Each structure stands twice: as structure tokens, then as C-alpha cells.
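The values are calculated or read from the model by the stated rules, or taken from the named source; none is laboratory data. All values derive from a computational prediction rather than experimental measurement. Note: ideal-geometry Cβ built from the backbone for every residue, glycine included; neighbour counts use all protein chains shown. Please note that ligands, DNA and RNA were not included when accessible areas were found on the heavy atoms of the full protein model with its side chains. Shrake-Rupley method; radii C 1.70, N 1.55, O 1.52, S 1.80 Å.
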Amino acid sequence: MSDLITSLLNLARHRGLADYERSDRDHDPAFGWRPVHHLVELDMQGIPVGISRTVSQRVRTRDPKTKKVKVEDAAGKEFFVPIRYSLGSSNETPQDFLAGKAKSFFPEPAKKPVSWEMPDHAAHCWSLVLRANEKLDSRHLQAVVNFLRTEPTLEWLKHFCEQRKYKPAPAKGDTVSFRVAGKLIFQIPGVAEWWSNFHRAERKAEIEKLPDGTDLYQCGIGKVAAGTPTVFGNTPLTSFSRPQFTSFGLGEGTSRLRIDTAERVSAALNALDNKGAVSKVTFGENHFLFWAAKEASGEAIDCSFIRLLELPDGLQVRKLLRGVFGSRAQPTEGEFHAVVLRCPKGRFNVRSWHTDSLATVGHEIERYFQTARGLANSEIVPPMRRLAESLRPPLKSNAKPDDVKKLRSELSNAFAALLNSALWGWPLPPALLQAALLRQTAEMACFEQAGTDFSRLRARCTVIHLYLEYRDKNSNKLTTMNEPPNITDGRNHPACRLGRLLGMLSRIHNRAHEGKSASDPASRYYGSASKTPYLVFPRLLQLTRYHLEKVGQKSRRDCDRLKKGVPERGLAGLDELAGWFHEHGAQFGRMLNLEEQGRFAIGFYRECMNDRDWNAILGRTTKPSVFATAQAATEEESNDKNQDDNQDNNNE
């Protein structure tokens, strides 16, 4: 914890954060970038004429079933607005000024102040607007004052939104501000200067009450914080000299912080959520914060390439990798910092913190994408968030709160493990492999009935592939499936061949029944075939002979191709896949371990991806199975790639 605080102190110093001696507004601690979700429109008399929503970005989502693209506007555009100052003591209520939570400007009827015009009233931000208007004598501020004199409440705001057909109405936690005659109220001339002076005066008055003392992070004597500034909205920043379960709530066990130390550390943490050469990824209650700086000068270095891990389109990742690690010189000097914070309501704790050279991190991220693409020589790399979500069942709308909390915690832990592999090259924990195999068996059993999205199968196989590749990097241990040492790697592994064989048997089954069968070997026997192939495959191969005879009655040419394959297109037939075990002296295996089950899943996935070429030769089937969705997925990937390549050629 002490090393993390020291790094954050250095970041704050080099970026000029929480520096009350500087006069430029860009580094003024009284202002910061915050999202504003709604704007109440007022005329010059303070009469409300409407309400509007700010838009931060447009989000494109595609329905996996209908394939229709839906464009939605994400509310919450960031503005450089006045921010409140708080020492973190529990008996104080920080004040918002001109931009704050909806409950601050529109309180509940039972919590309205008795006399809100009193200058010393701290329960609401109304008095601040009145005090600023008395000093500035602004017509725009006077309009806001006239509106607040009507004492609007949350009930009034909801009713006003219903009249204007404005949906959804602002919630208690949404940030609200005002726009008077087309001008944002916090951008009116004179407002910024007044708030900056007020902010400094309030801080000075509070600091004079504090005792003198020292801390472990800065030299000299300074004012010791009785409370601490807040981070992530309203969470007090606290330094612990012992593990948190030992020192939390114990006055002697909690190390002291000077007020300037606490201010700079909290300002650095809050700045990691804003614009600049930093990145942030949020998953559940976990906040993943990243920043990079030169070792000698402390100058910030752009590390926005972290966003590659969240992009939903693999083609965008490919283009950005060309820009980050291709056309531009990659920075080789500098330190890359990553910290994982768990931020439940009212507190936060540091889960992990890691520092490495920027060149090493860039190399590991590039290696991560190259490894993920090696699953099926595909340009599509599922985003890391999708990889984590594929390991757990989709969240139901009627799920219990405890189940939702548990599921999100598991997803967050999986996301953190994947992120550690991408950034530092750490092997994935075996628990992820086990989770992927359990979901694979469960969803394959109900693939046809539930219409499971094929992208979840792709994501799970990507996780399995990453687990095996990163494990092989740190270990040369051979598997134990009765195979010679020269056939233990990759595509020639017997378990991978078994997965491909099951895919081929399912394809022959569907061709024989013309897509009208209620199930196929993949959906009916996947679980047992991937665990005890010795008990399943002999029976399946015996039944396949009858299926081939049925296919041959309709088309002898199709039957020969399914048996012998299509060498000119690189498609293996049943004779090659089944005869490989006899040629290499390998057996089906009585029981497969977890790693072999993972290779089985990868082999099955690769055979599914060949279905596009098989359909071009034999014609489509009407069966809505995993092969049909694999066909649609590969066609979609091919179309997206062609469009992207054409766009690149046009740009060149």
C-alpha cells in the first residue's frame, strides 16, 4: 500500500494535481471533468421550458438472433464543472454547485430545508447559488435562483418529465445541471473565478482546525488529516499500516496522512477516471486503473492501447495494433502501472498492484492477440469482457439479488485473471478451464432448443486456447492420453482429433437426415464423448456407416467426399480423421483429464468452422444446429473483413 501511495504521489506532482498554488484553470482543484446526464432548460425569468439529455457517445449493438444493428445514445457527456471539497468526515454533507446529483437540487418533500436562504445552511446546494448570485449579480444565476425559490422536489421533476414525455426521468444518482437561454450555467463569466476563491477559502478554514504532524510518505511537518478527501464519488481515502481486516476502524492501527498527501493521492486516483494518458476498465465492483510515465522526468506516456482489450470488433483491434505497434515507434522507456481496486459502496480496497516496463507490457498485449487469433486462424478476437461472460450462464431477469452478486463477483475475478495474462503473461488459473468446460457441456446439450449464441462457443474456446498456450509457455509437461511424445502439441493432439471426429460424425448425421433429426451426436453425446471417448466413439462410428449408406443412396458423390474429404480445400474426411488413431498407434482414451477435454473442445470448434466450406460443396442443411450458426458466424466474419480491407485500400 505504501508503494502504491508513493507512485500516486509522484503522478500527482508531475501532473500538477491538487496544487493550490497554481492559478491556471486546467489544474485548478476546484474543477474537474464529470459526466452531466440531464440539463433543465430555463428562460431568463427562471421558468422551466424543458429538459434535455446529454450524449457522451453512440453505442452500436447487434442482436445475435435477428442480426439487426441498434444504435443507442449513451447519456452522460463529460463537462469541466465545479467539484466539491470534503475532508471525508461523516458528520459533514459536501455541497454541489450548479452541477450535482438530482437529489441535491430536487430533494424529497420530507427533506426540504426550513430556510434555504440562510448562508450557513449546509444540507443543500441552494444556498451556494444564492451566495454566488449576490456577489456576481448575474441575470443567468438570478434565473436559477428564481427557479429554486419555487422549491422543486423529485415528485415535481417526475411530473414535469411526464408532461414533456421525457423518458427515462432523472434518477437520484444522475447528475443534473441547468441551461439558461441556451447557455450552460457553470460556463457563465465570473462563475469559475467565484467558485475557485470560495473553494480555496473553505479549504483554508478547514485546514486551520487540523493538528500538526507527520506521515510516512513526505518529509517535514504538515497538517494531519482528521478525515480524508474522497475518491470515486464519496469513498474516503484511508491508509492502512496493517491488513485491512486488522486495522479498519482502529484509530491506533491506521497510519496518519498529511492533508496534502491525502489530497494528492485522492486527486491522482480520481484523475485516472478522466481524460488523458491513462485508461480505466470497470467490471462489476472492480476498477482496473492504468497509467505510464517516463522514469527520469515523470512525463506521462499514452497507454490508451489498453482499450484494445474491450473493443467488440476484432478488425478494429487489428487496425489499432497496426497503429500502436506498427507504423509508430513503440515507446521502450517508461514504467507501466496497473492497480486493481475493489469499490463496494462506501469503501474501497486495493486487490493488486503491479509495475513493469512499458515495452514488456506492449509485447505481452501483442502476444495475447496473436495467441487468441491462433485458435482458428481468425481475425476475430472476442473482447475480454465477452470471454469472461462466456464462462458463466447468462443472467436471468428474475434472478435473486444474492445470485446476481455472486455471479458478478465470479465474472469480475475471471476478467481480472484474463487481464493479468494479457498484461504480464501470467498463466490462467485452472478454475477458468474448469468453468469453460462445464459451460461447454451444459450449453451444447441444449444448443438446439435454446438457440445458444455461437459467439459464446467461440469465446469459451478462446479462453481454453489461451489457458493451454500460456501453460505450455511455463511448463513442458506432457499429457497422459497414451500418445507418443511427438504428437502432443496443437492440432495433432489425440484429444483435438477426437473433437474434430465428433464434429464430422455430427455433420454426416445431419446430411443423412436432411436436417430433420431432433438431435445429433454433438448435442446428445458431447459431454460423455469429451470425458470418456472409449465408451462413446465405437458406437457412434458403427452408426455412421448406416448414415453414410443413406447419404450414398441420394448422392454417391457426397458420400465419397464425406468419407475421403476434399484435399484441394484442405478438408479432412471421415477416413482420415478416424484412421489417424490407427496410423499413430493412439487410442480413444478411457478418460480425458481437464486439459485434454479443453483440446477436445478446440478440435470440435475448428471442425465447426470448416462447415462453411462443406456447405459450399454439399449444399446447406436446414437444421438449426451449432453448424448452422457456425456457418452464419464465418460468413459474417468474412463480410466484415472484406469491407474493412476495402476501406483500408480506399484510404491508401
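Condition check ((1) surrounded by 16 or more Cβ atoms within 10 Å (Cβ to Cβ); (2) modelled with pLDDT of 80 or more; (3) aliphatic (A, V, I, L, M); (4) in a helix (DSSP H, G or I)) across all residues:
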site	(1), (2), (3), (4)
GLU72	no, no, no, no
VAL81	yes, yes, yes, no
ARG84	yes, no, no, no
SER90	no, no, no, no
VAL114	no, no, yes, no
HIS121	yes, no, no, no
LEU130	yes, yes, yes, yes
ASN133	yes, yes, no, yes
PHE160	yes, yes, no, yes
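Taken as a whole, the condition of being at pLDDT below 80 and under 36 Å from the mean Cα position of the chain (by Cα) applies to VAL231. Across the stretch 19-31, a minimum of one residue is classified as touching a strand residue (DSSP E or B) at 6+ places or on another chain (Cβ under 7 Å), modelled with pLDDT of 75 or more and surrounded by fewer than 20 Cβ atoms within 10 Å (Cβ to Cβ).
A quick yes/no check of all residues on (1) small (Gly, Ala, Ser); (2) in contact with a Ser or Thr (Cβ under 7 Å, 6 or more places away or on another chain); (3) at pLDDT below 90:
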| position | (1), (2), (3) |
| --- | --- |
| SER378 | yes, no, yes |
| PRO383 | no, no, yes |
| PRO394 | no, no, yes |
| ARG408 | no, no, yes |
| ALA416 | yes, no, yes |
| LEU438 | no, no, no |
| THR452 | no, no, yes |
| LEU466 | no, yes, no |
| LEU478 | no, yes, yes |
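Are any of the residues in the stretch 287-305 in a helix (DSSP H, G or I), of a type outside the set (Val, Ile, Thr) and at pLDDT below 75? Checked the stretch 287-305: at least one residue is in a helix (DSSP H, G or I), of a type outside the set (Val, Ile, Thr) and at pLDDT below 75.
Here ALA201 clears all of (1) more than 22 Å from PHE79 (Cβ to Cβ); (2) surrounded by 19 or more Cβ atoms within 10 Å (Cβ to Cβ); (3) small (Gly, Ala, Ser) except the condition numbered (2). Could you say whether any residue in the stretch 563-571 is open to solvent by 70 Å² or more (accessible area, probe 1.4 Å), modelled with pLDDT of 80 or more and touching a Ser or Thr at 6+ places or on another chain (Cβ under 7 Å)? Checking the stretch 563-571: not a single residue is open to solvent by 70 Å² or more (accessible area, probe 1.4 Å), modelled with pLDDT of 80 or more and touching a Ser or Thr at 6+ places or on another chain (Cβ under 7 Å). Within the stretch 386-416, the set of residues being without any contact (Cβ under 8 Å) to a residue 24 or more places away in the chain and outside any helix (DSSP H, G or I) comprises PRO394, LEU395, LYS396, SER397, ASN398, ALA399, LYS400.
As a summary of the residue check, ALA110 satisfies the conditions (1) modelled with pLDDT of 55 or more; (2) assigned to a loop (DSSP other than H, G, I, E, B); (3) exposed (fewer than 15 other Cβ atoms within 10 Å of the Cβ) except for the one numbered (2).
Yes/no matrix, rows are residues, columns are (1) at pLDDT 85 or above; (2) crowded, with 18+ Cβ neighbours inside 10 Å; (3) under 18 Å from MET44 (Cα atoms):
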residue: LEU157; (1), (2), (3): yes, yes, no
residue: PRO168; (1), (2), (3): no, no, no
residue: VAL176; (1), (2), (3): yes, yes, no
residue: GLY182; (1), (2), (3): yes, no, yes
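Just one of the listed residues (ARG471, ARG497, ARG507, ARG458) is in a helix (DSSP H, G or I), at pLDDT below 85 and either on the phi > 0 side of the Ramachandran plot or touching a Leu at 6+ places or on another chain (Cβ under 9 Å) (or both), namely ARG471. The residues of the stretch 206-221 that are open to solvent by 50 Å² or more (accessible area, probe 1.4 Å) and either in contact with an Asp or Glu (Cβ under 9 Å, 6 or more places away or on another chain) or not charged (D, E, K, R) (or both), listed by number, are PRO211, THR214, LEU216, CYS219, ILE221. Of the set (1) modelled with pLDDT of 85 or more; (2) in contact with a strand residue (DSSP E or B) (Cβ under 9 Å, 6 or more places away or on another chain); (3) buried (at least 16 other Cβ atoms within 10 Å of the Cβ), all apply to TRP194 but (2). Number of residues in the stretch 525-542 that are more than 18 Å from LEU574 (Cβ to Cβ) and surrounded by fewer than 21 Cβ atoms within 10 Å (Cβ to Cβ): the value is 6.
Taking first residues from the stretch 368-381 that are farther than 13 Å from ALA459 by Cα and partners that are part of a loop (DSSP other than H, G, I, E, B) and at pLDDT 80 or above, the Cβ contacts under 9 Å between residues at least 6 apart in sequence or on separate chains come to TYR368/GLY425. Would you point out the residue of the stretch 572-620, among those that are assigned to a loop (DSSP other than H, G, I, E, B) and polar (S, T, N, Q), that is modelled with the highest pLDDT? Per the criteria, the residue is ASN593. PHE283 meets the conditions (1) open to solvent by 10 Å² or more (accessible area, probe 1.4 Å); (2) more than 21 Å from GLU78 (Cα to Cα); (3) at pLDDT 60 or above in every case but one. The failed one is (2).
Taken over the stretch 579-598, the criterion of being more than 27 Å from TYR467 (Cα to Cα) and within 43 Å of the chain's Cα centre (by Cα) is satisfied by no residue.
Candidates GLU193, GLU151, GLU202: the one that is free of Cβ contacts under 8 Å to residues at least 60 places away in the same chain and not in a loop (DSSP other than H, G, I, E, B) is GLU193. The residues in the stretch 421-439 that are open to solvent by 40 Å² or more (accessible area, probe 1.4 Å) and assigned to a helix (DSSP H, G or I) can be counted, and the count is 5.
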